[in-house]
Amino acid sequence: QVQLVESGGGLVQAGGSLRLSCAASTRTFSSYAMGWFRQAPGNEREFVAAISGSGGRIYYADSVKGRFTISRENAKITMYLQMNSLKPEDTAVYYCAQSRKRISGSSPTEYDYWGQGTQVTVSS
């Protein structure tokens, strides 16, 4: 069973930065695509970014393109989300997810394992 643990969330002012981490429990981490999703109260879970197993393919939601950067360190079985120029509308619980495919996209149904989430709150 794959376990994913997010960290790095918190409270930040608009315009600030945070870096989220997602630590995985499996050494097969490098074989599979990973993604970040977020969910605000009353909203559906929405795609933020995805990265292929090798790190060679990266996708972003239009709402975060140019502000967020997804990356992974396979040797450390850890994925990151660097979030800059944060806006109040970025406030949500952020989840990391792992697929069982080398490349996955923006649909939550493409991901098989999920972390417990970390809260990000951006104040105006």
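When the chain is modelled as a GNM with alpha-carbon springs shorter than 10 Å, which of G56, G35, G16 fluctuates the most?
Largest GNM mean-square fluctuation: G56.
To the nearest 20 Debye, how big is the dipole of the chain about its Cα centre, given +1 on the beta carbon of each Lys and Arg and -1 on that of each Asp and Glu?
Magnitude of the dipole: close to 400 debye.
What does the charge count near A61 come to, summing +1 for each Lys or Arg and -1 for each Asp or Glu among other residues with Cβ under 10 Å from its Cβ? Numbers along the way, then the final one.
Working: positive: R38, K65; negative: E46, D62.
Here the count lands on 0.
In whole Hz and in residue order, list the ³J(HN,Hα) couplings for the range 75-82 that follow from phi through the Karplus curve 6.51 cos²θ - 1.76 cosθ + 1.60, θ = phi - 60°; x for Gly and Pro.
Per-residue couplings from phi come out as 5, 9, 6, 9, 10, 10, 9, 8 Hz.
So the label point goes 7 Å from the Cα of K76 along Cα→C-beta, right? Which residues of the range 85-124 then have their backbone N under 18 Å from it?
Residues 96-97 fall inside that zone.
If you take every DSSP beta bridge whose two residues both sit in the chain, what share of them, in percent to the nearest 5, is antiparallel?
The antiparallel proportion sits near 90 percent.
Rounded, prolate or oblate: pick one for the chain, where a ≥ b ≥ c are the square roots of the eigenvalues of its C-alpha gyration tensor, a/c under 1.5 means rounded, and failing that, prolate if a/b is larger than b/c, else oblate.
Prolate shape, in that a/c is at least 1.5 and a/b is the bigger ratio.
Can you tell me which of 91-99, 61-69 comes out highest on packing, and rank the rest after it, using the mean Cβ neighbours within 10 Å?
91-99, 61-69
If you average the sequence gap of Cα pairs under 8 Å that are 6 or more apart and divide by the length of the chain, what percent do you get for the contact order? Each step should come with its number before you reach the end.
Numbers: 322 pairs, mean separation 45.0, N = 124.
Contact order relative to length: 36 percent.
Can you list the lysines whose alpha carbon sits under 23 Å from that of K65, skipping same-chain ones fewer than 8 residues off?
Output for K65: K87.
Could you pull out every one of the aspartates and glutamates with an alpha carbon less than 20 Å from that of K101, ignoring same-chain neighbours closer than 8 positions?
E46, E73, E110, D112
Quick one: accessible area per residue over the chain, 1.4 Å probe, rounded to a whole number of Å²?
That works out to 50 Å² per residue.
The values are calculated or read from the model by the stated rules, or taken from the named source; none is laboratory data. Just so we're clear, the structure is a prediction, and the values are computed from it rather than from any experiment. Note: ideal-geometry Cβ built from the backbone for every residue, glycine included; neighbour counts use all protein chains shown. Just so you know, the surface numbers come from the protein's heavy atoms only, side chains and all, with ligands and any DNA or RNA stripped out. Shrake-Rupley method; radii C 1.70, N 1.55, O 1.52, S 1.80 Å.
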